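Please read the structure below before turning to the comments.
The values are calculated or read from the model by the stated rules, or taken from the named source; none is laboratory data. Bear in mind that the values here come from a model prediction, so they are computed numbers and not experimental data. Positions of Cβ are backbone-derived with ideal geometry, glycine not excepted, and every protein chain shown enters the neighbour counts.
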Amino acid sequence: MFSEIADRELLEVAKRLARSERTKDIVILRDLIGDEYMGVGALALSEADTRAQPPRPVHNSRRMVWSGAFLALALVTLHAQGPTDLVNKRVSAQVVGVIDGDTVDILIPPARRLRVRLHGVDAPESGEPFSQQARVFTRVLIFSRDVQVTGKDVDTYGRLVARVVVDGADASEAIIAAGVGCTFRRYVSDPALDAAQDRARAARLGFWAAGAQQPACVAREARSTTMPQPVTTTGFIGNVSSKVYHLPTCRNATCKNCTRKFATRAEADDAGFRPAGDCIGR
């Protein structure tokens, strides 16, 4: 059984961080309990509001122990579940945070908050040229907007990899077309994204402008277009938790739960697994 002190501290942390809009606080809470914490944070705030009454030491102490234990159990359950239930599904959500050019936080009504890695685009990392421009562009494009989110996979950091559409426009395509993000040909083959990058380069937008400093993704993508694509003859690798299967060359094929092997796609499909949307498609 959890101690009263530990329960109280856990509840206070959840309450404080649930109120916060700061990226640092969101990251701290995500590291503690995973991406899906907003519902629990709301529960903690609700519990706190209902207790704004004169204290009754013994009774309130018992309630604190039980609510703290329940909260801790809920956090563990949510962390274990992750967003795998959203793979190959489309949901409506609101963008409530922009971490960088290709990573956002969304809120799925009524109170499910999680982190999303935009599918098919690679924006400059922090400290690289155009990293701030990419973040500002993404923020202007989708922050506080209602969007449609289509899950493709869950990456090794526990983020939902997804395509995000706002007012009929694909966010990944828009970021690439503005010259503040690259395609990700190593993992995603998408003619629309390739065409967006070609347009940005031809128009000399963003980091494609003459004389502009370029982020690392530019050189990486240049190599990917000149290097022959690997031919795989070793079948497919299934994630026994999410029931998603990958090619051995997929970026998530080495996850800790990727332990089941299939000789063919048909074998994986028959076993109830589905293809990884970020590198195989349907």
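Quick notes
- Checked against (1) under 13 Å from the mean Cα position of the chain (by Cα); (2) buried (at least 16 other Cβ atoms within 10 Å of the Cβ), residue 193 meets all criteria but (1).
- Qualifying residue in the stretch 197-204 (condition: in contact with a Pro (Cβ under 6 Å, 6 or more places away or on another chain) and either within 17 Å of residue 91 (Cβ to Cβ) or surrounded by 20 or more Cβ atoms within 10 Å (Cβ to Cβ) (or both)): no
- The residue that is surrounded by the most Cβ atoms within 10 Å (Cβ to Cβ), among those in the stretch 96-115 that are of a type outside the set (A, V, I, L, M), within 17 Å of residue 155 (Cβ to Cβ) and within 12 Å of the chain's Cα centre (by Cα), is 102.
- For the stretch 175-191, a residue qualifies if it is at pLDDT 95 or above and in a helix (DSSP H, G or I), and the qualifying residues are 175, 176, 177.
- Single match in 214, 229 (criterion: in a loop (DSSP other than H, G, I, E, B) and modelled with pLDDT of 85 or more): 214
- Output for the stretch 152-190, where each listed residue is among the hydroxyl-bearing types (Ser, Thr, Tyr) and surrounded by 16 or more Cβ atoms within 10 Å (Cβ to Cβ): 172, 183, 187
- Per the listing 143, 130, the residue uniquely out of contact with any strand residue (DSSP E or B) (no Cβ under 7 Å at 6 or more places or on another chain), in contact (Cβ under 8 Å) with a residue 12 or more places away in the chain and not β-branched (Val, Ile, Thr) is 130.
- Verdict on residue 266 being without any contact (Cβ under 8 Å) to a residue 24 or more places away in the chain, more than 18 Å from residue 156 (Cα to Cα), exposed (fewer than 14 other Cβ atoms within 10 Å of the Cβ) and of a type outside the set (Phe, Trp, Tyr): yes
- Note on the stretch 153-174: residues that are modelled with pLDDT of 95 or more and part of a strand (DSSP E or B) amount to 9.
- Residue 122 meets each of the listed conditions (1) of a type outside the set (S, T, N, Q); (2) surrounded by fewer than 22 Cβ atoms within 10 Å (Cβ to Cβ); (3) over 21 Å from residue 245 (Cα atoms) apart from (2).
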